[in-house]
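Here's the structure, in structure tokens; my notes come after.
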Amino acid sequence: TLFRSTVKKDDSVWWSRLTKQEKRPVFLAPDFDRWLEESDAEMELKAKEEERINKVRVESRLRKDPFANLKKGYLFMYNLVQFLGFSWIFVNMTVRLLIFGKDSFYDTFNTMADMMYFCQILAVLEIINPLLGFVKTGVLPAVIQVCGRNLILFVIFGSLEEMQNRAVVFFVFYIWSSIEIFRYPFYMLSCIDTEWKLLTWLRYSIWIPLYPLGGLAEAVAVIQSIPVFSKNEKFSISLPHPLNFSIRLSIFLQIYVVMIFFGLFINIRHLYKQRRRRIGPGKRKMH
């Protein structure tokens with residue numbers, strides 16, 4: 001039979017021996033696994049004190065950002081505004097498509113351009129935010145997407161009336177808004193440390209069909225605009241004598257068609273890596 005007894009000392013001093021009498025009873029045996037000498041106790045206390053000091057030093061180095069809540073509030077409002085803007089575009093385009101059918105393809109720019117202008121001008125902040133350290137995403141994918149979209153919107157559609165009544169405008173705007181109505185609410189909830197699993201899956205999956213379709217629609221828009229720019233020579237620069245050379249936007253756009261698919265490859269690779277980190281095989285539980 002094992003009997004354990006815990007004896008509390010009246011005075012916190014070290015005993016010279018275990019029992020009062022010099023000879024230890026045969027039935028009494030110390031537990032050497034838990035035996036502690038005075039020197040051992042001092043070393044243990046010293047180690048704990050060093051651990052406490054190191055912990056304080058680490059915490060002092062990792063000081064909390066005093067503007068963390070302000071940054072989160074700014075990012076939350078930015079994503080909320082963008083979500084509302086693209087949702088307005090998506091809902092209105094869907095309603096017009098159901099009511100007017102194919103006829104809605106040809107007046108998309110006249111009805112949706114102002115809101116799209118607003119959203120895409122605001123999207124420039126997506127390049128600034130990682131540069132300032134507000135978000136941890138890469139700068140290059142943001143530059144490719146924002147600059148590419150703004151070239152399509154402001155140069156291809158905005159400056160050419162001949163392009164504004166074409167069906168390709170509908171497909172470009174509809175694909176853009178379809179992507180963003182899932183992306184922005186995901187980031188909005190991330191600002192308040194909230195995750196909705198269905199939204200997370202949609203954010204990291206909806207791009208699989210939509211990004212290639214969006215790149216294709218943008219390429220079609222550029223190809224359709226090349227003859228128009230070749231004819232009116234808009235944004236072309238003629239160099240004086242003796243160079244006698246013209247820099248034509250139509251030539252640049254022919255090169256840009258190839259660049260669209262190169263940029264699309266970079267963004268798709270970036271999104272694929274993000275998807276693997278969030279919902280890929282590495283996130284599955286081992287049974």
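The values are calculated or read from the model by the stated rules, or taken from the named source; none is laboratory data. All values derive from a computational prediction rather than experimental measurement. Methodologically, a virtual Cβ is constructed for each residue, glycine included, from the backbone with ideal geometry; neighbour enumeration extends over all protein chains shown. These area figures cover heavy atoms from the full protein model, side chains too; ligands, DNA and RNA do not enter into them. Shrake-Rupley method; radii C 1.70, N 1.55, O 1.52, S 1.80 Å.
Please determine, by comparing only the residues of the stretch 66-93 that are touching a residue at least 24 places away in the same chain (Cβ under 8 Å) and more than 18 Å from the chain's Cα centre (by Cα), which one is nearest to PHE182 (Cα to Cα).
SER87
Could you tell me which of the residues GLY158, GLY85, GLY101, GLY148 is small (Gly, Ala, Ser) and in contact with an Asp or Glu (Cβ under 8 Å, 6 or more places away or on another chain)? It would help to see each step written out before you state the result.
Details: GLY158 fails: in contact with an Asp or Glu (Cβ under 8 Å, 6 or more places away or on another chain); GLY85 fails: in contact with an Asp or Glu (Cβ under 8 Å, 6 or more places away or on another chain); GLY101 fails: in contact with an Asp or Glu (Cβ under 8 Å, 6 or more places away or on another chain).
GLY148 is the lone residue from the list that is small (Gly, Ala, Ser) and in contact with an Asp or Glu (Cβ under 8 Å, 6 or more places away or on another chain).
Just to be sure I understand, how many residues within the stretch 89-111 are aromatic (Phe, Trp, Tyr) and either more than 24 Å from TYR184 (Cα to Cα) or surrounded by fewer than 17 Cβ atoms within 10 Å (Cβ to Cβ) (or both)? Quick ask: steps written out before the conclusion?
Just the residues of the stretch 89-111 that are aromatic (Phe, Trp, Tyr), to begin with: 90, 100, 105-106, 109.
With either more than 24 Å from TYR184 (Cα to Cα) or surrounded by fewer than 17 Cβ atoms within 10 Å (Cβ to Cβ) (or both) added as a condition, the list becomes 100, 105-106.
Adding up the residues that qualify gives 3.
Between a first residue in the stretch 186-207 that is within 20 Å of TYR272 (Cβ to Cβ) and a second residue that is of a type in the set (Phe, Trp, Tyr) and modelled with pLDDT of 90 or more, which pairs have beta carbons less than 6 Å apart while being 6 or more apart in sequence or on different chains?
That search, which allows pairs on different chains as well, returns LEU199/PHE186; LEU202/PHE182; ARG203/PHE182; ARG203/PHE186; ILE206/PHE182.
Take the conditions open to solvent by 50 Å² or more (accessible area, probe 1.4 Å), within 17 Å of the chain's Cα centre (by Cα) and aromatic (Phe, Trp, Tyr) and apply them to PHE134. Does it pass?
Numbers: open to solvent by 50 Å² or more (accessible area, probe 1.4 Å): yes; within 17 Å of the chain's Cα centre (by Cα): yes; aromatic (Phe, Trp, Tyr): yes.
Taking the combined requirement at face value, the residue satisfies it.
Okay, residues lined up against (1) polar (S, T, N, Q); (2) modelled with pLDDT of 90 or more; (3) surrounded by 13 or more Cβ atoms within 10 Å (Cβ to Cβ):
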residue: LEU198; (1), (2), (3): no, yes, no
residue: LEU213; (1), (2), (3): no, yes, yes
residue: HIS241; (1), (2), (3): no, no, no
residue: PHE245; (1), (2), (3): no, no, no
residue: HIS270; (1), (2), (3): no, no, yes
residue: ARG275; (1), (2), (3): no, no, yes
residue: GLY282; (1), (2), (3): no, no, no
